[in-house]
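Report on the structure given below.
The values are calculated or read from the model by the stated rules, or taken from the named source; none is laboratory data. Worth saying up front: this structure is predicted, and the values here are computed from it rather than measured. Here the Cβ positions follow ideal geometry from the backbone for every residue, glycine too, while neighbour counts run over all protein chains shown.
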Amino acid sequence: MSVDTAFAAALGRWLPPGVPPRLAVAVSGGADSTALALLAHDYCAARGGTAMALTVDHGLRPDAGDEARLTIARLAGQGIACHYLALGLRPGPALQERARLARHEALAAAAARAGFLYLALGHHLEDQRETVAMRARRGPGGEEGMAAWSARDGVILLRPLLDVPPAALRAYLRGRGVAWIEDPSNKSRAFERVRVRLDGEGRMPALSVARRAREREGAAFLARHARLYPEGFAVLDTHQAPPAALGALIRTLGGQPYAPRRDALLRLSEALGPATLGGVRIVPAGRLGEGWLLAREPAACAPPVQAVSHALWDGRFTLTTAPPEGMLLGALGADAAEFRGFNGLPSLVLRAMPALRGDGGAVIFPAPACFTPRMPAAAREFCA
């Protein structure tokens, strides 16, 4: 099957029939994403739709800005509009993970602002094989690899090239006379994915039947044993929990896009005890009942943000009413001592709740904010 036929077949399974397609496309300038942009442009144009390319400059390499401008120029030569997004990340621990999360957030936000529901990513067959191998190292689960269709950050992520080998994408570009950029970090053994690739450790994904069973088990467990509160905490009335259930709960309470590492979840799920994982503290529930209290770790909360209408803070709370100008929305923190006894909540919960602060230091608590974390979303193909 040709590359363009495989691409069209994938989108035909996901996009609504009879509607002109609108696709935002993440383009790094490499061969895979460049091919994706060309495929998306041709597909949408043939059906009366629109494709928009987005390229992200992480600011981590001196040449990144020039490469982004070169990519924009190359796409413009193919009649594809491309928008530049600058992040300005700083070097440090977990760089690839931080860059990936920041990139996804920036891409999703840009797509949503432009009115694009679908965001296409250029992951291919070898990316999938490497992902499976990396996840398998971290314990059971995750062997199904990346989802071809998933909902996140207000957009629907599509990976229409997961069955296409990278060699086919490069051949496609050469056939069209389009060049691409080779990222030198793709050859650095400092990164786990590169080591997996160079050592030939990639693995084909497994069927998703087992994952679905784990997720159903986890949902049933949470329905029976977890109480989730609008102040952003939960109580588990048991001393064990399925890893999938515990991971989903920690992810939700921490406002994170992903659950913690599976090896850490496995150890904790077998015997719940005092711990901090994924930005969430686990302590005895005390006066809140039997079992364990799970609450956001105050020290892990995000810095304050401008308190504008519908501002999202810490990935967990959204302002429902616009306060006076110049205020900040952030953690109550040490000021929790002034509100001791509020709704009978422990200090751990209070310190991580949102509060408003003005220039004079006045604190408004509780803030007019609603608990709106990133709920775990389905990661399976859409079927009409």
- Evaluate the following for A148: is it at pLDDT 90 or above, under 19 Å from the mean Cα position of the chain (by Cα) and not assigned by TED's automatic domain parsing to the domain that holds P242? no
- Query: In the range 264-323, which residues are surrounded by fewer than 14 Cβ atoms within 10 Å (Cβ to Cβ), at positive phi and part of a loop (DSSP other than H, G, I, E, B)?
  - Reply: G289, H310
- Please give the number of the condition A51 fails out of (1) surrounded by fewer than 19 Cβ atoms within 10 Å (Cβ to Cβ); (2) in contact with a Cys (Cβ under 6 Å, 6 or more places away or on another chain). (1)
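Among residues belonging to the range 186-200 that are assigned to a loop (DSSP other than H, G, I, E, B) and modelled with pLDDT of 75 or more, point out the one that is nearest to R100 (Cα to Cα). Outline the logic, then answer.
Applying the first criterion (assigned to a loop (DSSP other than H, G, I, E, B)) to the range 186-200 yields 188-191, 199-200.
Checking which are modelled with pLDDT of 75 or more leaves us with 189, 191, 200.
Working: R189: 18, F191: 13, G200: 23 Å.
Step by step, filter the range 186-200, then rank; the result is F191.
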- Query: Name the pairs whose Cβ atoms lie under 8 Å apart, with the first residue in the range 262-275 and free of Cβ contacts under 8 Å to residues at least 40 places away in the same chain and of a type in the set (D, E, K, R), the second surrounded by fewer than 18 Cβ atoms within 10 Å (Cβ to Cβ) and not in a helix (DSSP H, G or I), and 6 or more positions between them or separate chains?
  - Reply: E270/Q240
- Give the residue, chosen from L312, L329, that is at pLDDT 95 or above, under 28 Å from V235 (Cα atoms) and not hydroxyl-bearing (S, T, Y). L329
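Any residue at all in the range 19-28 that is more than 21 Å from A171 (Cβ to Cβ), free of Cβ contacts under 8 Å to residues at least 40 places away in the same chain, touching a Ser or Thr at 6+ places or on another chain (Cβ under 7 Å) and of a type outside the set (D, E, K, R)?
Scanning the range 19-28 turns up no residue that is more than 21 Å from A171 (Cβ to Cβ), free of Cβ contacts under 8 Å to residues at least 40 places away in the same chain, touching a Ser or Thr at 6+ places or on another chain (Cβ under 7 Å) and of a type outside the set (D, E, K, R).
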- Note on the structure: Subset of the range 15-74, residues touching a strand residue (DSSP E or B) at 6+ places or on another chain (Cβ under 8 Å), among the small types (G, A, S) and farther than 22 Å from A151 by Cα, comes to G29, A45, G59, A64, G65, A68
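Is it the case that some residue within the range 29-43 is surrounded by fewer than 19 Cβ atoms within 10 Å (Cβ to Cβ), modelled with pLDDT of 90 or more and in the same structural domain as A102 (by TED's automatic domain parsing)? Talk me through it step by step, then tell me what you get.
So the first thing to find is which residues in the range 29-43 are surrounded by fewer than 19 Cβ atoms within 10 Å (Cβ to Cβ), and the list is 42.
Of the ones still in play, those that are also modelled with pLDDT of 90 or more are 42.
This time we only want the ones that are in the same structural domain as A102 (by TED's automatic domain parsing), so: 42.
Yes, some residue in the range 29-43 is surrounded by fewer than 19 Cβ atoms within 10 Å (Cβ to Cβ), modelled with pLDDT of 90 or more and in the same structural domain as A102 (by TED's automatic domain parsing).
Give me the residue from the range 332-384 that is charged (D, E, K, R), assigned to a loop (DSSP other than H, G, I, E, B) and over 23 Å from A259 (Cβ atoms) and, out of that set, modelled with the highest pLDDT. Please lay out each step first, then the result.
Here is the first cut: in the range 332-384, the residues charged (D, E, K, R) are 335, 338, 340, 351, 357, 359, 374, 380-381.
Still in the list and also assigned to a loop (DSSP other than H, G, I, E, B): 340, 359, 374, 380-381.
Adding the requirement that they be over 23 Å from A259 (Cβ atoms) leaves 340, 359.
Values: R340: 91, D359: 82.
The extreme case among them is R340.
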- So A206, is it at pLDDT below 95 and either within 30 Å of R296 (Cβ to Cβ) or exposed (fewer than 13 other Cβ atoms within 10 Å of the Cβ) (or both): no
